[in-house]
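Some notes on the structure that comes next.
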Amino acid sequence: MIELTIDDIKVRVEKGLTILQAAIENNIYIPSMCWDPKLKPYGGCRMCLVEIEGQPRPLASCSYPAENGMIIRTNTPKIAKLRKTMVELLLIHHPLDCPTCDKAGQCSLQDLAHQYGPSNNRIQEEKYAVARHTRNPFISRNQSKCILCGKCVAVCWEHQGVGAINFIGRGFETVVSPAFEEMLDCEFCGQCVDICPVGALGNKPFEHSFSAWFLESSDNICPYCSVGCTITLDTREGKIVRTQGVATKGVNKGDLCVKGRYGMDFIYAENRLKRPLVRKDGVLVETTWEDAMHILTERLTDVIKTKGPDRVGVIGSHKFSNESNYMLQEFARKVIGTNNIDSASCFGFSKVQKTVSQAFGLSNLPIRLDAPIGKGAILVVESDITSTHPVWGLKFLEARKKGAKILVLEPRETKLSRHSDVWLRVRPGTSHALLNGIMYLALEGGYHLKNHMSTAAANFSELEELVKTYPPEIVASIAGVDKDEFVEMARVFLGAETRMIAMTLGFVENSKGLNTALSAANLIMLTGDGPSALQMPAGYANTFGMWQMGITPDYLPGYKKIEGSTGKNLYQMLYGEDSLDALFIMGDDPLGICPDLKKVEATLKRLQLLIVQDIRLTDTARLAHIVLPEASWAEKEGTFTNAAGLNQISEKISAPSGDSIAGWQIFRNLTRYMNLQPSVETYTALKDYLSAMVIDPGKEKWQYVPVHYEESEAPDKRYPLIMVTGNLMQHSGALSVMSKNLTEAFPGAFIQINDKDAARHSIADGGMVRVESRRGATTVKVVVTDEVTEGMIFAPINFATARLNELTYGYDGGAAPLTAVRVSPA
C-alpha cells in the first residue's frame with residue numbers, strides 16, 4: 001500500500017494504480033473523456049490534468065502512476081483554465097444540437113461544457129457536417145459529433161478482440177471508421193456505443209424513442225446464456241426502450257453481447273400468449289383461466305386414474321425461473337405422482353452432470369467466470385465459447401494478454417481460433433480421440449507422476465491400457481491433423497504450470513458427447529489439476545438452477561439422489577415406444593429444438609393429453625390440447641442461477657402480457673384445483689424456502705472413466721458430409737428468434753459450406769440448397785465460406801421454420817451425435 005494526498009485528503013491505495021484510479025477508489029472526482037477501466041491509459045483528452053507538488057507542469061492523471069507521498073491538486077485555477085480551454089477546443093467543430101441528440105442528459109461533453117465551458121467560444125470555425133452512417137442493423141455513426149477520444153477504437157481492439165473500426169486519415173480529416181469507409185460488419189456487441197462519451201455512436205433500435213430525463217432505470221439479469229450478466233433496463237411508461245451495461249455492476253462489469261443489448265424486445269413479440277387456449281372441435285380457442293384449469297384438472301385426473309401416474313411426463317425449462325421450475329417438479333412428484341421429469345438438457349448439460357458425478361463424485365463442477373485468468377495453457381475443445389457465452393469468452397482473450405497459451409481444437413474458424421496460439425483444425429467430433437492421444441503423451445512423458453492423486457484415482461491401470469492404443473500417429477490420422485503439430489500442442493498443454501480445459505455441451509451442439517467430456521475429465525485428473533480445471537458451464541440462463549430445482553428424473557431438489565425407482569428422461573419420453581399418454585411441457589418447444597423432428601412430432605400427436613405452458617405460441621403449442629400463458633422474464637419476479645452457482649434476482653419491470661401470470665402461481669393454483677394444499681402460497685415464502693435450500697455438493701472422489709473413441713454416424717458415398725449443429729453469437733436457442741431486432745439483422749436459417757465442397761457439389765453462394773440425411777430433407781440458404789473445413793457443413797439450430805432438426809437423430813449413447821448429409825442445389 002502507498003499513501004498520498006489528493007486535495008488535502010490522505011488516501012491509501014494499492015501500489016501500481018494511476019492517480020485517476022486512486023481518486024476514483026476514494027470518491028474524488030477528476031473529469032475524463034478518454035479513460036475507461038477496461039482499457040489501457042490513452043491520455044488523449046487532457047481533461048484529467050492535475051498538478052503534482054514538485055512537478056513543473058500538469059500531468060494526465062489517467063496515465064501517471066500514483067506514488068507514495070504525492071501531494072496532488074485536482075481543481076486549481078490553473079487546471080480549471082486548462083479544462084476550459086480543452087472544452088473550447090472540443091466544441092470548435094462539434095454541432096450544438098443537444099436538444100435533438102439522443103445522448104443529451106448523459107453526454108460527458110455536455111456535462112463538462114456546463115461545468116467548465118465558456119458562454120462564448122473564442123475560436124470560431126465551421127461545424128462538422130458529415131453524413132450519418134446507418135448501413136448496418138444496430139449501430140449508427142455520426143462522425144460530426146466525434147471528439148476522437150479513441151475509446152470506441154480501443155474497446156473494439158483491446159477488449160473485444162474484433163478490430164472492426166480504427167482511425168482513418170490525418171489531422172482535421174481524421175475519422176473513426178471501418179476499413180475503407182465500408183459498412184460496419186462486426187459482432188454488434190454495442191460496447192462502442194456504451195463507451196462513447198458523446199452522441200457519435202448510437203443504438204439504431206432505440207434512436208429518437210426517448211429523452212434521458214424521462215427514463216427510469218433498473219437492473220435485471222439477462223435471460224439468454226448462463227453467464228448471468230447484469231443489464232440496466234431503461235423504461236418509459238413501463239416499456240423497455242434501451243438496454244445498457246454499467247461498468248461497476250454484475251459479474252459482467254458492463255460487458256454485454258448483441259443478444260443482451262438488443263434482444264430484450266422479445267417480450268413484445270407478436271406471437272406472445274395472452275390468454276389460456278383450449279382445443280375445441282380441433283381448434284385452439286381463447287378461454288378464461290377458470291375454464292382452462294377445470295378442463296386441465298378433469299383431463300389430467302382421468303389419465304392418472306385410468307393409465308397411472310407413470311404414463312404422465314413433465315418437461316421443465318432453462319428459460320424460466322427457479323420458482324417456476326421448483327413448483328413444476330413439486331406438482332409432478334406430489335400431485336401427479338411421477339418422477340418422469342426432464343428437460344432439453346438431456347441432450348446437453350446432463351452429460352456434464354454425469355461426467356462430474358462419475359469422474360469426481362461431485363454434484364456440479366466448480367465453475368468460475370474468471371477461471372481462464374492466470375492459467376498457463378487453456379485447451380478449448382470443439383466449442384465456440386465466444387458465441388455461446390460471449391462475455392465469458394472475453395476472459396479467454398484477457399488471459400492470453402496475461403500470458404496464457406490458447407490451444408484450440410475446432411473444425412470451424414471462431415473468434416478464439418483467430419486469437420489462439422495453436423489451432424488444430426480437426427475433423428468434426430474427433431477431439432475425443434485427441435484427448436486420449438494427449439493422455440498417451442502424458443503417460444509417456446511422466447507428467448502423471450507430478451501429483452500422487454493422478455495415480456491413486458480408481459481405474460488408473462484401465463486408463464493406461466486404453467490410451468496405449470492412441471499414439472500420436474493414430475489420433476492425428478483420425479482427426480485429420482499433422483502429427484508433429486499435435487505433439488507440439490500437447491507438449492505446450494502438458495508442460496504448462498497450470499492448465500484448464502474449456503468445453504460447452506449445449507443441447508443443440510452435436511460435435512461432442514458424454515465420452516468427450518469423460519475423456520476431458522480423465523486428462524485433468526491425469527495432470528493432477530482436478531475438477532476446477534475442467535470448465536464446462538451450463539448453457540442457458542437457468543440451466544444450472546433448473547437442475548438444482550430437481551428438473552431431472554434422478555434427483556430431487558438440492559441434488560438429493562432419488563432412492564428407489566427413478567423416472568423416464570427426455571429421450572425415453574419422446575423417443576420410446578408408446579411411453580406416455582400425457583405430457584406437460586413448460587417453456588420448451590421440442591418440435592423446434594429436439595433432434596429427429598418426425599419422431600418427436602409422431603410422439604406428440606399420439607398423446608391423449610398435451611399441455612403447454614409458455615410465453616409464446618410455439619410449434620409444439622399448436623399441437624396442444626391446452627395452452628397456458630406464462631408471464632415472461634421481466635414481467636414477474638424470480639431467481640436465476642448462473643453457471644457459477646450465483647443466485648440472482650430478476651425483477652418485474654413490465655406489466656404481464658394479457659392475462660399471463662408467473663409459472664409458480666400456475667402450479668399453486670393447479671394444485672388447489674386438484675384438491676390438494678400447495679406447499680407455499682406467496683412468492684416471498686417460496687423465495688425464502690428456495691434460498692434456504694441446502695445443495696448437496698457430493699463427496700469428491702476421483703475415478704477414471706476410460707472410454708474409446710467411436711463414431712455414432714459415419715459419412716459414406718451417399719451422405720459424404722458431416723453436419724455440425726450449434727448456436728450463432730447473435731441467437732440463443734429459440735428465445736432470440738422472438739426478438740424483432742435480432743431477427744431483422746439475422747433473419748433466417750442457413751448452412752455454411754467450404755468453397756471446395758461447394759465447387760464439388762455445384763453450389764453457389766447465397767443460393768438455396770437441399771440438405772438430406774438418412775431421416776429427412778429440407779431446403780435452406782447456403783453461405784460458401786472458408787470458415788468451415790472440407791467435409792462438413794455448419795447449421796445453426798435457431799430457426800424452427802427450416803426444420804433442420806428433421807435431419808438429426810435422438811441419441812442416448814456416449815459418442816458425438818453427428819449427422820451425415822448430402823447437399824445439392826435446390
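A few points about this structure:
- Against the numbered list (1) in a loop (DSSP other than H, G, I, E, B); (2) modelled with pLDDT of 95 or more; (3) more than 30 Å from Gln358 (Cβ to Cβ), Ser679 comes up short only at (2).
- The range 160-183: number of residues that are open to solvent by less than 30 Å² (accessible area, probe 1.4 Å) and either free of Cβ contacts under 8 Å to residues at least 24 places away in the same chain or in a loop (DSSP other than H, G, I, E, B) (or both): 7
- Wholly enclosed helices (runs of 4 or more DSSP H) of the range 422-498 bearing at least 1 residues open to solvent by 10 Å² or more (accessible area, probe 1.4 Å) and touching a strand residue (DSSP E or B) at 6+ places or on another chain (Cβ under 8 Å): 483-495
- Verdict on Cys186 being open to solvent by less than 40 Å² (accessible area, probe 1.4 Å), of a type outside the set (Asp, Glu) and assigned to a loop (DSSP other than H, G, I, E, B): yes
- Boolean, Val227 is assigned to a strand (DSSP E or B), at pLDDT 95 or above and either open to solvent by less than 10 Å² (accessible area, probe 1.4 Å) or among the small types (Gly, Ala, Ser) (or both): no
- Among the conditions (1) assigned to a loop (DSSP other than H, G, I, E, B); (2) under 21 Å from Pro95 (Cα atoms); (3) of a type in the set (Asp, Glu), the only one that Asp194 does not satisfy is (1).
- Helices (runs of 4 or more DSSP H) fully within the range 524-618 counting 3 or more residues that are free of Cβ contacts under 8 Å to residues at least 40 places away in the same chain and surrounded by fewer than 20 Cβ atoms within 10 Å (Cβ to Cβ): 597-606
- Residue count for the range 17-44 satisfying the condition of being of a type outside the set (A, V, I, L, M, F, W, C), open to solvent by less than 80 Å² (accessible area, probe 1.4 Å) and out of contact with any Pro (no Cβ under 7 Å at 6 or more places or on another chain): 9.
- Within the range 748-773, the set of residues being surrounded by fewer than 16 Cβ atoms within 10 Å (Cβ to Cβ), without any contact (Cβ under 8 Å) to a residue 60 or more places away in the chain and assigned to a loop (DSSP other than H, G, I, E, B) comprises Gly748, Asp765, Gly766, Gly767.
- Number of residues in the range 230-251 that are in a strand (DSSP E or B) and open to solvent by 30 Å² or more (accessible area, probe 1.4 Å) equals 3.
- Neighbours by Cβ (under 8 Å, 6+ apart or cross-chain): first from the range 499-523, without any contact (Cβ under 8 Å) to a residue 24 or more places away in the chain; second open to solvent by 10 Å² or more (accessible area, probe 1.4 Å): none
- Inter-residue pairs, beta-carbon under 7 Å, first touching a residue at least 60 places away in the same chain (Cβ under 8 Å) and under 16 Å from Asp384 (Cα atoms) and in the range 722-746, second in a helix (DSSP H, G or I) and among the small types (Gly, Ala, Ser), 6+ apart: Asn727/Ser387; Leu728/Ser387; Met729/Ser387; Gln730/Ala745
- Per the listing Tyr709, Tyr719, the residue uniquely touching a helix residue (DSSP H, G or I) at 6+ places or on another chain (Cβ under 7 Å), within 23 Å of Arg412 (Cβ to Cβ) and at pLDDT 95 or above is Tyr709.
- Residues of the range 1-14 satisfying the condition of being open to solvent by 70 Å² or more (accessible area, probe 1.4 Å) and touching a residue at least 24 places away in the same chain (Cβ under 8 Å): Glu3
- Residue check, Ala404 open to solvent by less than 10 Å² (accessible area, probe 1.4 Å) and either over 26 Å from Gly791 (Cβ atoms) or out of contact with any strand residue (DSSP E or B) (no Cβ under 7 Å at 6 or more places or on another chain) (or both): yes
- Within the range 658-666, not a single residue is assigned to a strand (DSSP E or B), among the hydrophobic types (A, V, I, L, M, F, W, C) and touching a helix residue (DSSP H, G or I) at 6+ places or on another chain (Cβ under 7 Å).
- Condition check for Lys701: of a type in the set (Lys, Arg) and outside any helix (DSSP H, G or I): yes
The values are calculated or read from the model by the stated rules, or taken from the named source; none is laboratory data. All values reported here derive from a predicted model rather than from experimental measurement. Every residue, glycine among them, receives a Cβ derived from its backbone with ideal geometry; neighbour counts consider all protein chains shown. The protein model used for the area step is the full one, side chains on, heavy atoms only, and it has no ligands, DNA or RNA in it. Shrake-Rupley method; radii C 1.70, N 1.55, O 1.52, S 1.80 Å.
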